[in-house]
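The values are calculated or read from the model by the stated rules, or taken from the named source; none is laboratory data. The model shown is predicted, which means the values in this text are computed figures rather than measured ones. Every residue, glycine as well, gets a Cβ built from its backbone with ideal geometry; the counts of neighbours run over all protein chains shown. We work out accessible area using only protein heavy atoms, side chains counted, and drop any ligands, DNA or RNA first. Shrake-Rupley method; radii C 1.70, N 1.55, O 1.52, S 1.80 Å.
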Amino acid sequence: MLERRELFPHVIEMNHQARRRFGCSVYLIFDGAEWALVDIGYEDTVDEIVEMIRQMDFPLAGCKYLIASHADVDHIQGFHRAKQLLPEAKIVGHADAAHLLKTQDRLMTYAEIPAQNISIDLPEIKIDQVVKEGDQLKIGEKNLTVWHTPGHTHGQLAFRMEDLLFSGDNLFRDGCVGNIDAHHGSNIPDFIRSLERIRDSDVDWLLPSHGPVFRKDPKMVQITIDRLEQYKHMADFGTCAVDWPLLDQWEDELVSGVDPRDSV
């Protein structure tokens, strides 16, 4: 029997439980005999994770949900194997995630990144229950409220339980955010709105999909928002940017006959 290392009442994070890093954060939320997982990571760690859960004296038949925060392969690849081990559990996700997994879109799920020679198996995964903003997922007497927080991907979800927010790839403890990439469906203005929502909420703790849990600091969130506001107007972010002010300035200088050597 394994001692349960709860981060918060009714919440165990499996990397924290194992005292080593499997991959993405995998949150086990439980109340009574019912439990659920938020994300699962890669397939090669699923058997070990499920065995740890069994050794913590959770009945495998009590798994109600396998919840996808979004459809990136590093979060969901293992759901194929998890469904085999936990056949009564429903795989839950956003409609956009359901579509990407149904069509096995390897680019949008980051299973295929040709420029980096990345090619990862994307098994067939079916979302059993599509959820949207405001929906409730009940685990025992606990409720997870669904937040749609697009930006990193359109289908990015976060889940609120009391003063905790399972925040996906929205924000990490160092102020970084999930990858911003047009080929991945990222949208910077949406990302900013999602972060503003998190900043202005009364949640106390953020439980991200990567890295350690941390207390929400509105000042830190604002610094991240300010950085993303800059990204909207920077060529660094290509088609994710909404404009590039330098080109407008250049056009004005061309029309007015400015000699660039005069500004040296």
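Just the residues that are hydrophobic (A, V, I, L, M, F, W, C) and more than 25 Å from V11 (Cα to Cα), please, taken from segment 151-193. Across segment 151-193, the qualifying residues are I180, A182, I188, F191, I192.
Only one entry in A61, A71, A36 is among the aliphatic types (A, V, I, L, M), modelled with pLDDT of 95 or more and part of a helix (DSSP H, G or I), namely A61.
Among the residues making up segment 51-80, a single one is open to solvent by 60 Å² or more (accessible area, probe 1.4 Å) and among the polar types (S, T, N, Q): Q55. Cβ-Cβ distances below 9 Å connect the following pairs, each with a first residue in segment 239-256 that is part of a helix (DSSP H, G or I), a second residue that is surrounded by 11 or more Cβ atoms within 10 Å (Cβ to Cβ) and charged (D, E, K, R), and a separation of six or more residues or different chains: C240/D181; C240/K232.
Which ones in segment 210-222 are touching a Phe, Trp or Tyr at 6+ places or on another chain (Cβ under 8 Å) and open to solvent by less than 40 Å² (accessible area, probe 1.4 Å)? V213, F214, K216 - these are the residues of segment 210-222 that are touching a Phe, Trp or Tyr at 6+ places or on another chain (Cβ under 8 Å) and open to solvent by less than 40 Å² (accessible area, probe 1.4 Å). D204 meets the stated requirement of being in contact (Cβ under 8 Å) with a residue 24 or more places away in the chain, of a type outside the set (F, W, Y) and open to solvent by 10 Å² or more (accessible area, probe 1.4 Å).
Within segment 1-50, the set of residues being open to solvent by 60 Å² or more (accessible area, probe 1.4 Å), in contact with a Gly (Cβ under 7 Å, 6 or more places away or on another chain) and over 18 Å from H75 (Cβ atoms) comprises G32, A33, E34. If the condition is being without any contact (Cβ under 8 Å) to a residue 12 or more places away in the chain and under 19 Å from F166 (Cβ atoms), then segment 45-67 contributes no residue at all. Applying the condition of being of a type in the set (K, R) and farther than 17 Å from V92 by Cβ to segment 152-194 and asking which residue is modelled with the lowest pLDDT yields R173.
In segment 75-102, what residues are farther than 15 Å from G155 by Cα and either modelled with pLDDT under 95 or among the charged types (D, E, K, R) (or both)?
Result: R81, K83, E88, K90.
Got a sec? Which of A111, A115 is modelled with pLDDT under 95, open to solvent by less than 10 Å² (accessible area, probe 1.4 Å) and more than 26 Å from E6 (Cβ to Cβ)?
Values: A115 fails: open to solvent by less than 10 Å² (accessible area, probe 1.4 Å).
That would be A111, the only listed residue that is modelled with pLDDT under 95, open to solvent by less than 10 Å² (accessible area, probe 1.4 Å) and more than 26 Å from E6 (Cβ to Cβ).
If only one of E51, E43 is over 25 Å from N143 (Cα atoms), of a type in the set (D, E) and out of contact with any helix residue (DSSP H, G or I) (no Cβ under 9 Å at 6 or more places or on another chain), which one is it? Quick ask: steps written out before the conclusion?
Values: E43 fails: out of contact with any helix residue (DSSP H, G or I) (no Cβ under 9 Å at 6 or more places or on another chain).
The match here is E51.
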